[in-house]
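The values are calculated or read from the model by the stated rules, or taken from the named source; none is laboratory data. It should be emphasised that the depicted structure is a prediction, and the values quoted were computed from it without experimental measurement. A quick note on method: Cβ atoms are made from the backbone with ideal geometry, for glycine too, and the neighbour counts reach across all protein chains shown.
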Amino acid sequence: MSASIPALPALLQPMLAMMALTAAVWLFMYVRRLGHMLRHGIDAQAVSSPQKMAALIPEAVERPANNLRNLFELPVLFYALCLLSLQMGWAQALDVQLAWAFVGLRALHSLVHCTVNHVNTRFAVYALSSIALWVMLVRACLKLWA
């Protein structure tokens with residue numbers, strides 16, 4: 001008799017996708033950064049501080065590092081909201097849809113930020129992802145105080 005594995009709560013899927021996005025940007029950052037350093041013979045000690053890194057590594061190479069820092073700003077609230085909703089049993093279909101919207105838009109934001117870095121496009125996608133997050137927060141607050 002085989003035991004069935006219970007399905008993951010739907011809200012865990014976008015959380016794991018967000019973590020995978022963070023891992024992908026981290027990997028891309030090191031591929032870009034280390035590749036540049038190897039091609040240009042830059043010793044690791046020469047980039048031992050953010051100031052030294054900025055002086056020796058072009059902005060285009062550092063875009064993934066800048067994006068990685070962004071992935072530890074608003075997404076921290078996203079993770080907290082998802083965990084709170086899971087713990088409290090609040091997660092509804094709309095919450096899952098908002099979570100996927102946030103993750104999808106953040107993935108698009110990362111793609112723009114790490115490549116062409118067109119600021120108006122990047123900001124528009126960031127703003128839309130933020131709206132999804134703020135709606136998630138408002139919904140959680142309404143459920144808490146209902």
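If the condition is being touching a Leu at 6+ places or on another chain (Cβ under 8 Å) and under 30 Å from residue 60 (Cβ atoms), then the range 75-100 contributes 77, 78. Only one of the numbered conditions (1) within 12 Å of the chain's Cα centre (by Cα); (2) buried (at least 20 other Cβ atoms within 10 Å of the Cβ) is not met by residue 63, and that is (1).
Could you list all residues from the range 91-146 that are polar (S, T, N, Q), over 13 Å from the mean Cα position of the chain (by Cα) and either buried (at least 17 other Cβ atoms within 10 Å of the Cβ) or more than 25 Å from residue 29 (Cβ to Cβ) (or both)?
Initially, the range 91-146 is screened for residues polar (S, T, N, Q), giving 92, 97, 110, 115, 117, 120-121, 129-130.
Now drop any that are not over 13 Å from the mean Cα position of the chain (by Cα), which leaves 92, 97, 115, 117, 120-121.
Listed by number, the residues that qualify are 92, 97.
Considering the conditions (1) at pLDDT 95 or above; (2) surrounded by fewer than 19 Cβ atoms within 10 Å (Cβ to Cβ); (3) of a type in the set (Gly, Ala, Ser), residue 54 is excluded by exactly one of them, (1). Out of all the residues in the range 47-55, is one or more assigned to a helix (DSSP H, G or I) and closer than 28 Å to residue 12 by Cβ? No, that holds for no residue. I want to confirm something. Restricting to the range 36-82 and keeping residues that are among the β-branched types (Val, Ile, Thr) and in contact (Cβ under 8 Å) with a residue 12 or more places away in the chain, which single residue is farthest from residue 110 (Cα to Cα)? The qualifying residue farthest from residue 110 (Cα to Cα) is 42.
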